[in-house]
Every structure is written in C-alpha cells, then in structure tokens.
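Engineer: Please read through the structure below; I'll follow up with questions.
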Amino acid sequence: MILADTFEWSTFPDAIRFIRDNPHLLLDKSLQQLGLAIAALAIAVAIALPLGVVLGHFHKGSFVAISVANLGRALPSLVLIAFGLTILGVGFWNNTAALVVLAVPPILTNAYFAIDSVDRDVVEAARGMGLTDFQILTRVELPLGLPLVIGGIRIAAIFVIATATIAAVAGGGGLGEIIVNQASYGLAGVVAASVCVSALAFLAAGFLALLLHWASRSQGPAT
C-alpha cells in the first residue's frame, strides 16, 4: 500500500495522538537512532578530522579531499548497508560502518579546506615569530579554520541522523523500525516517527549551529 493513497489531513492529529500515547516507544527508538548516529559520527570524526587537518596543513591532498567528497555523494546508503551485511552481518556495527563511510566525506573535505585556506601571510608571520609547525597548526590554523571544521561536522551529523532511519532494514533499530512497519503502527505511527527523526536532526543542527556561532565569534590566533 502506498502512503500517498492513504494519507489524509486527519493523519496529523492522529500522529500527535500517537506521540502522546506512545512516548516510551518513541523515546526508546529515538535513543537507539541517536546512539547509532553518535557512534558513527564519533568514528568518522576520529578518522577524517586528523587526516583533513594534516593534509591541509601541508597543503597536499586536495585531490584526495575532493575525490572523497564526490565518492561520498555517489554512494547509496542502502548499497553500503547491503554490502556490510556480507561482512559484518545484521545489526548495529553493519549500520555504523555504512554511516561512517557517509559521514567521512564532509568532515574530511571541510577540515582540509579549513586549514588549507588559512591566510599564508598569517602562517608565515607565526613561523617568523619562532613557532613550530605543531604550534602553528594548533595556535593559528585550527582557531582560524574552526568554523569551517564545525560546519563539516554539522553537515555530517544531520546526514547521519536522517540516514540512520534506514538502519531498520538491517536490524539496526531506531525510528526506522516504526516507519517501515506501517502494518503494525499505522500511518499515524509512521508520521509520528518521521516527526521524531526531523526533531533529532533539528536538535543536532541547532546544537552545532550554536557551537559554530561560538567558534565564529572567538576565532583568531591564540595568544
């Protein structure tokens, strides 16, 4: 049955009632999805951020950064999950691995260009003051590039939270289990779970936007 054929305006009030009547179910599924997204994002940051920062500092690897970004946009999420099934099986880590692959490109690309685009005159001035490469990176380039770095993490976070919905097809849990199971939860449940997914994405975007705003206001070489 196609959702568009059964959708009515009364579905919205029904979805609100579903949220009111099933807070524990939605909270449990939201926490599952959030846990999956946070794990994938943390791994992606640990992999992509140092690599992007180092490549940007030495002004090498633009081809790598751009290629990874294009590859990330081209890879379908379902294909990654299906491929992961043959290696990691059904469950949390299969979906986490797929989401990591999707999260790495924006983090790596933004980190690279954040450091690579720092004004060369500022860097040379710092070097002339006797700062080492490590000190230049941590005291000059990272503070100046921090807003763009956080911007990449923000993009990845929103993308991962939204994409984690399809984890249900491979036993990953989360709100997707409600969305793909209209027979059990009804259309109201599907819409309610979709609202929760949107809320999680907006909350993550809002938190990282505040962090980005703070970084933008405080950017500048450390003294």
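The values are calculated or read from the model by the stated rules, or taken from the named source; none is laboratory data. Since we're looking at a predicted model, the values are computed, not measured. In this analysis, Cβ positions are derived from the backbone assuming ideal geometry, glycine residues included, and neighbour counts consider all displayed protein chains. Side chains are part of the model used for accessible areas, which takes the heavy atoms of the whole protein and leaves out ligands, DNA and RNA. Shrake-Rupley method; radii C 1.70, N 1.55, O 1.52, S 1.80 Å.
Engineer: Show Asp14, Asp119 ordered by accessible area, largest first, where the area counts protein heavy atoms only and the probe is 1.4 Å.
Structural biologist: Most to least solvent-accessible, the answer reads Asp119, Asp14.
Engineer: Here is a further query. State the percentage of accessible surface on the range 86-196 attributable to carbon and sulfur atoms; use a 1.4 Å probe and exclude ligands, DNA and RNA.
Structural biologist: With neighbouring chains kept in place, the figure for the range 86-196 is 65 percent.
Engineer: Apply the Karplus curve 6.51 cos²θ - 1.76 cosθ + 1.60, θ = phi - 60°, to the phi angles in the range 105-112 and return the couplings in whole Hz, x for Gly and Pro.
Structural biologist: My calculation for the range 105-112 gives x, x, 5, 5, 4, 5, 5, 4 Hz in order.
Engineer: Can you tally the net charge around Arg120? Count Lys and Arg as +1, Asp and Glu as -1, for every other residue whose Cβ sits under 12 Å from the Cβ of Arg120.
Structural biologist: Within the 12 Å Cβ shell, the charges total -4.
Engineer: Starting with the highest mean, order 157-168, 55-66 by the number of other Cβ atoms within 10 Å, averaged over the residues of each peptide.
Structural biologist: Ranked by mean Cβ neighbours within 10 Å, highest first: 157-168, 55-66.
Engineer: Which residues in the range 113-139 place their backbone N less than 17 Å from a point set 7 Å from the Cα of Ser62 along the Cα-to-Cβ direction?
Structural biologist: Output list for this probe position: 113-121.
Engineer: So, counting K/R as plus one and D/E as minus one, what does the shell of residues with Cβ under 11 Å around Asn22 add up to?
Structural biologist: Spelling it out: positives minus negatives among the neighbours equals +1.
Engineer: While we're on this one: Could you work out the local net charge near Leu148, counting Lys and Arg as +1, Asp and Glu as -1, over the other residues with Cβ closer than 14 Å to its Cβ?
Structural biologist: -2
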